[in-house]
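One structure is given here, and the rest of the page talks about it.
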Amino acid sequence: MDPDVLVERLRAVCLALPEVTEKVSHGSPSWFVRRMFATFVGRHHGDVHLSLWAAAPEGTQGEMVAAAPDRFFVPPYVGHRGWLGMRLDVEPAGPDWEEVREVVTDAYRHIAPRRLTVRLG
């Protein structure tokens, strides 16, 4: 998968949410709603995969990793805080973008102020 294509698709998902901004954090495109809720990790620091790291509600990380360890993982640095890693370089078709949207939306709901999450319906 082309990393630029993955970033563009991920950017569209993230920026569709209320009051989200994008900044480069630790060398990667990252999305914020006051605080960071998602970041694209593109093989820096020896990472093997192109992936999404996202904030996750309590218990989600363990459930997702146990259910699909080929797609989900505990990311370094932020995994101890419950963040979820999701492989985006799944071959041959790439990630399930509806599943990516769900992970991103859950991350947003976990971090965003309530006044913004109510706007999601």
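The values are calculated or read from the model by the stated rules, or taken from the named source; none is laboratory data. Only a predicted model underlies this, so the values are computations on that prediction, with no experimental measurement involved. Cβ atoms come from the backbone with ideal geometry, glycine included; neighbour counts cover every protein chain shown. Remember, those area values only see protein heavy atoms, side chains included, never the ligands or the DNA or RNA. Shrake-Rupley method; radii C 1.70, N 1.55, O 1.52, S 1.80 Å.
How do HIS80, HIS49, HIS110 stack up against each other in accessible area, from largest to smallest, with a 1.4 angstrom probe? Before the final figure, lay out each step's value.
Working: HIS80 155, HIS49 60, HIS110 90 Å².
Ranking HIS80, HIS49, HIS110 by accessible area, largest first, yields HIS80, HIS110, HIS49.
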Self-check item: Accessible area, probe 1.4 Å, largest first, for residues TYR108, TYR77
Solution: TYR77, TYR108
Practice problem: Calculate what fraction, in whole %, of the accessible area of segment 8-121 sits on carbon and sulfur atoms when a 1.4 Å probe is rolled over the protein chains. | Solution: 53
Quiz item: Which of the following values of percent of Cα pairs over 25 Å apart was calculated from the structure shown: (i) 15; (ii) 23; (iii) 27?
Solution: (i)
Quiz item: So how much accessible area does VAL24 have, in Å² to the nearest 10, using a 1.4 Å probe?
Solution: 110
Practice problem: Note the full-extension length gain between VAL24 and GLU91 as 0.36 nm times their separation in residues minus their Cα-Cα distance, in nm to one decimal. | Solution: 21.5 nm
Self-check item: Gap separating the Cα centres of segment 1-51 and segment 82-121, nearest whole Å
Solution: 11
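May I ask you to derive the relative contact order of the chain, considering only C-alpha pairs under 8 Å and at least 6 residues apart, and to give it as an integer percent? Before the final figure, lay out the partial values.
On the way: 175 pairs, mean separation 30.6, N = 121.
Normalised by residue count, the contact order of the chain is 25 percent.
At a Förster radius of 25 Å, what calculated FRET efficiency corresponds to the Cβ-Cβ distance of ASP47 and ALA16, to the nearest 0.05?
Working: r = 26 Å, r/R0 = 1.04.
Efficiency for this residue pair is about 0.45.
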Quiz item: For VAL118 and VAL65, what does the FRET efficiency come to when R0 = 41 Å and r is the distance between their Cβ atoms, rounded to the nearest 0.05?
Solution: 0.85
Quiz prompt | Residue-normalised accessible area of segment 64-114, expressed per residue, 1.4 Å probe, Å² | solution = 54
Practice problem: Quick one: angle between helix 97-111 and the longest Cα principal axis of the chain, in degrees between 0 and 90, rounded to 10, please. | Solution: 50
